[in-house]
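A.B. asks: Mind looking over this structure? Questions follow.
Any read-out appearing in this document is the output of simple, stated calculations on the displayed coordinates, not a laboratory observation. Given the structure is predicted, the values throughout are model-derived calculations rather than measurements. Positions of Cβ are generated from backbone atoms using ideal geometry, with glycine treated the same way; all protein chains shown enter the neighbour counts.
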Amino acid sequence: MKDLDLIKQLGDDLAPRGDEPLAGPPASAFRDSSRKRPLKTWQAGVLALTVAGAIAGAATLRPSPNTPGGQAATPRAATVLDNAAAVSQESTASRPQGAGYIFTETISSYPEQVQQPDGSIKTIRQAPVVTQVWLSVEPTKDGKQRQRPEGGNAAWDPWVVLAGCREAQDSDIRASEFSRCARGVLPASFPTEPAAVLAWLKDDRPGRQDSSPPSAGPIAGQDALAFERARSLLMTGTYLRPDQRSAIFKALAQLPGVVAVANVQDGAGRQGVGISAGGTEALVFHPASFAFLGTTSSAVMRQGTTTEVGKLPS
Amino acid sequence: MIDTEDGAQGPSRAGESTDAEVIEESLAQPGRFGVLYERHARVLHGYAYRRLGREAAEDVVAETFMKAFRARRTYDLSHSDARPWFFAIAIREIARHHRVEQARYRALSRSFEDRGDEDLADRVADATSAHTWRKPLVEALAKLSRRERDVLLMVAWADLTYEEAARALEIPLGTVRSRLHRARQKIRRHLPDDITLELV
């Protein structure tokens, strides 16, 4: 029996009885209070700073077709993604041969909400963490990962085993099942036509309908899921062939609601142009070459092939 | 793991508004937020109940929904499923009850030892196996760091995927894996040798 099964069994023992009623929310729970408390001095100061920051942020982040003098225009999202697709297609990165491992190194720095002594929540950026992942080209083999704080000579955390796909079915792998196990490469059946890739990312299948209506705001429903899955594909250490990577970018270009965001930084602090679906994490591309850099939380620093786990690419 | 069998709980189904849509609608019609209570309260309650017991679990659920309601304007509408967001808030509430949680583990450990807690003892089907792994397991859970326990129990007791746990805890996916790995290693070290464990 697996240790997780024991923990689940303990959870079953500790669960509330099925007949235990759960108190509903009080009738007044979900009402906006009409009473507005006056702001204290420090709150007003924080609000003023926040508004000023938001205005400054909007001025730099919002894609602007009419660019003020001296500043390069932010291209449209479709342009960025089409350029990125073209650049990816021309990539000459070495392809994995036979057995072996795909090595990927990323640097991540995530925002974290910390409760202050006065009860307020402050968002700070976590210290950058280096992650090295080795995923096997052979899908049923386990991969490995290790992490350590960036900079200095910090020791690596213990190895983490990434379970391979024990029941790999190359012919029928669904997006919704993709992240259940670690894959160094995509199955040969992975589509390379943008429309087919988009359908795969949305996990479209006969009889399934997206219930979410088109929205002028941040994208939602299957579109948001497709964006999230594309992000996951690009970031979790799987090797993407140039035509696969290119097709993913072209597929994202077809999503209504994705926007380009100027002057963003990836997880390692590299400047770039972002592609956002309205969420907190945007994809980041080099502003000139349109090479994929990572996301606003994580940066792909290098990827290559090795013969064994723990060995770095030459 | 989490009870959703009555059909009235859990994520939205085909044809229903997604959580994100409900949150958006609730900005104009606050009462719509009650739909999310119907969908997610039982799951959150079940999770908090396992960790804290009945009384604190009810507090956690009430506080979680009140805070979520007040913060709904900040919700990232690109995420159609709000369950990780509710867990993000609930986890902070549970952290405020850490003494209650530790006391619960101590009480459970004692009850597995002397079977003094008849209510719980009645619910543990196999006394022999309870003595072999439940007590050391509870003690091991108590010794985990809060961050490790949050990840482990989100995956084991709330059936969150690694991606959902990463979103709920606002940490990278790789860190979820690391913490989960460390937590499981510590758990295994506490379990009796005669229990066969499949190392992952």
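A.B. asks: Could you give me the percent of Cα pairs per 5 Å distance bin for region B:17-96, shortest bin first, beginning at zero and ending with the bin that holds the maximum distance?
C.D. replies: 3, 17, 30, 24, 15, 9, 3, 0
A.B. asks: Counting other beta carbons within 10 Å of each residue's own, what order do A:ASP13, A:ASP223 fall into, fewest first? Working shown, then result.
C.D. replies: Working: A:ASP13 15, A:ASP223 26.
Sorted ascending by nearby Cβ count, the order is A:ASP13, A:ASP223.
A.B. asks: Taking A:LYS2 as the anchor, which lysines have their alpha carbon closer than 16 Å to its alpha carbon, excluding any fewer than eight residues away along the same chain?
C.D. replies: Partners found: B:LYS186.
A.B. asks: Can you tell me how much longer the chain between A:ALA155 and A:THR192 gets when fully stretched, taken as 0.36 nm per residue apart minus their C-alpha distance, in nm with one decimal? Provide the component values of the computation, followed by the final result.
C.D. replies: Details: separation 37, 0.36 × 37 = 13.32 nm, distance 4.06 nm.
This chain segment gains 9.3 nm when fully extended.
A.B. asks: Let me ask another. Neighbour counts of other C-beta atoms within 10 Å: give me B:GLU163, B:GLU93 arranged from fewest to most.
C.D. replies: Values: B:GLU163 16, B:GLU93 20.
With the sparsest Cβ surroundings first, the list reads B:GLU163, B:GLU93.
A.B. asks: With a point put 7 Å past each Cα toward its Cβ, work out how far A:LYS311 is from A:ARG174 in nm, to one decimal.
C.D. replies: Distance between the two pseudo-spin positions: 3.8 nm.
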